[in-house]
Amino acid sequence: MNYHVIRIPESHLSPGLILDAPAEPVDFLLVFGDDAAESRARLLTDDTGRPVLRVGGYVTALGAVVQERLWTVREMAPRDGHLRLRLGRSLS
């Protein structure tokens, strides 16, 4: 079971967004905006060893369907027992 939850003030992710992710485990729950839409996220590495974030699909309170996406991680740094991630562009 996963106990790490990250609240996102917007209804969608965007490049440049900073996430305070857990150092371990590498999966966590994202809760979006005021409508409390939820999605699971997992920190992975691509074929070259660079970090990427896979975010599962979800439906917003207004009924918008957001498909699963894979995001590049532009920056990643340890901070207070967590990982500070800055998202890059979406690959999917």
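Taken together, the values in this text are just the output of simple stated rules run on the coordinates, not laboratory data. Note that the structure is predicted; figures quoted are calculated from it, not measured. A quick note on method: Cβ atoms are made from the backbone with ideal geometry, for glycine too, and the neighbour counts reach across all protein chains shown.
Restricting to the range 2-52, and then to whatever is aromatic (Phe, Trp, Tyr) and surrounded by 16 or more Cβ atoms within 10 Å (Cβ to Cβ), can you tell me which residue is nearest to Arg79 (Cα to Cα)? Explain how you work it out, then say what you get.
Of the residues in the range 2-52, the ones aromatic (Phe, Trp, Tyr) are 3, 28, 32.
Next cut, surrounded by 16 or more Cβ atoms within 10 Å (Cβ to Cβ) only: 28, 32.
Details: Phe28: 17, Phe32: 23 Å.
By that ranking, first place goes to Phe28.
Among strands (runs of 3 or more DSSP E) lying entirely in the chain, which contain 2 or more residues that are within 11 Å of the chain's Cα centre (by Cα) and among the polar types (S, T, N, Q)? If you could, list the steps in order and put the result at the bottom.
Numbers: elements: 5-8, 18-22, 27-32, 37-45, 51-55, 69-79, 82-90.
It comes to none.
Yes/no matrix, rows are residues, columns are (1) without any contact (Cβ under 8 Å) to a residue 40 or more places away in the chain; (2) over 16 Å from Glu68 (Cβ atoms):
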| residue | (1), (2) |
| --- | --- |
| Glu10 | yes, yes |
| Ile18 | no, yes |
| Pro22 | no, yes |
| Leu29 | yes, no |
| Asp47 | yes, yes |
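Can Arg89 be described as on the phi < 0 side of the Ramachandran plot, touching a residue at least 40 places away in the same chain (Cβ under 8 Å) and not hydrophobic (A, V, I, L, M, F, W, C)? Can you show your working first?
Working: on the phi < 0 side of the Ramachandran plot: yes; touching a residue at least 40 places away in the same chain (Cβ under 8 Å): yes; not hydrophobic (A, V, I, L, M, F, W, C): yes.
When the stated conditions are applied, Arg89 passes them.
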